[in-house]
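Only one structure is covered here, and it is reproduced in the block below.
Every number here is computed from the coordinates shown, using simple stated rules; none is lab data. All values reported here derive from a predicted model rather than from experimental measurement. Backbone-built Cβ (ideal geometry, glycine too); neighbour counts: all protein chains shown.
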Amino acid sequence: MTSYRSAFQGREQIAHGTVAFHFEKPFDFGFKPGQAIDVVLADARTVDVQSGRHTFSIVSAPFESELTIATRMRDSTFKRALARLPVGSLIEIEGPFGSLTLHNDPARAAVLVAGGIGITPFMSILRQATHDQRKQRLVLLYSNRRPEDTAFLSELQSFEERNLNFRLIATMTLMSASVQPWEGQTGMVSEALLKAAAEGLSNPIYYVAGPPGLDAGMRQTLHDSGVDDDDIRSEEFYGY
Ligand SMILES: Cc1cc2nc3c(=O)[nH]c(=O)nc-3n(C[C@H](O)[C@H](O)[C@H](O)COP(=O)(O)OP(=O)(O)OC[C@H]3O[C@@H](n4cnc5c(N)ncnc54)[C@H](O)[C@@H]3O)c2cc1C
């Protein structure tokens, strides 16, 4: 895998406990929306080599000039090092890799199913598709506990206005703990919600991304609702 040096450019909070990190994009670094990189932090290599290396899907799209990742912050060795990384620091990235990339045939729609931080590969896909005005029907089913926890919610809502081929269905599973108003869907991603997402789409391909558990659960629900296993592509954020 190719290794690159990259400068850290800054961080911003994008939802409760969730932070985006921006890095310089090396001039010779190319990737497809949906792919991931390994971020290697020398400062986090305290326990073993693995503790200094974490995999993140790229949030930014290829047309953008920087590389962005996003993560739920935790008190882990790696994330502590990431949280205190000084702007301008040089880090190592490896990649890109991964095949959770959009299929080529725009005549077939895509239904993207994200649980929480699983939104990251789909942000790159949706940013690029909106930028290119790609003529492909795309539906995002996005599940979070509360609007406060929902990364990139306003950007995704703006895509609906800028991209007539895109539809967002966000659902909240813990509105009782929220102080923000929400008029959209509530509850887990169910067979009924998947059917609503696919309504009017011809022969869609399903993409699922998120922490472990979501992948297996969604595959079963899709299978039960009659979707062919060949039309389901998924990425589990193992290690999450
Ligand atoms: C292809 C791919 C793409 C990924 N993309 C992303 C992404 O875009 N964003 C992202 O955030 N992550 C992504 N991940 C996961 C990421 O690589 C890390 O594994 C994850 O963020 C957890 O890192 P950590 O430092 O919080 O925990 P680590 O210290 O690495 O955790 C080690 C183990 O302890 C558990 N653990 C740690 N802290 C807690 C806690 N507080 N409570 C319960 N259990 C805990 C973890 O579940 C894990 O099993 C991706 C993984 C893969 C394979």
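Hey, got the dipole for the chain? About the Cα centre, +1 on K and R Cβ, -1 on D and E Cβ, debye to the nearest 20?
With Lys and Arg at +1 and Asp and Glu at -1, about 400 debye.
Would you please give the FRET efficiency between R108 and R84, computed as 1/(1 + (r/R0)^6) with r the Cβ-Cβ distance and R0 = 41 Å, to the nearest 0.05?
So, using R0 = 41 Å, E works out to roughly 0.35.
Measuring from centroid to centroid over Cα atoms, what is the spacing of the range 54-108 and the range 170-214 in Å?
If we compute the Cα centre of each part, the gap is 24 Å.
Tell me which residues come under 5 Å, amide H to amide H, from F152 once H is placed; ignore anything under 5 positions away on its chain.
Counting only residues 5 or more places away or on other chains, the set is empty.
When the Karplus curve 6.51 cos²θ - 1.76 cosθ + 1.60 is applied with θ = phi - 60°, which whole-Hz ³J(HN,Hα) does each residue of the range 81-90 get, with x for Gly and Pro?
With the stated coefficients, the range 81-90 comes to 5, 5, 5, 9, 4, x, 4, x, 4, 8 Hz.
Using every alpha carbon pair in the chain, what percent of pairs falls into each 5 Å bin from 0 up to the bin containing the largest distance?
Whole-percent P(r) values from 0 Å outward: 1, 6, 14, 18, 19, 17, 12, 8, 4, 1, 0.
For the charge dipole of the range 61-179, defined by +1 on Lys and Arg C-beta atoms and -1 on Asp and Glu C-beta atoms about the Cα centroid, which residue among S176, T150, F166 has the Cα displaced farthest towards the positive pole?
S176
Express in nm, to one decimal, how much length is gained between A216 and L164 on full extension, taking 0.36 nm for each residue of separation and deducting their alpha carbon distance.
Contour length minus the Cα-Cα distance gives 15.6 nm.
Under a crude label model (7 Å from the Cα following the beta-carbon direction), how far is M1 from T186 in nanometres?
Distance between the two pseudo-spin positions: 4.1 nm.
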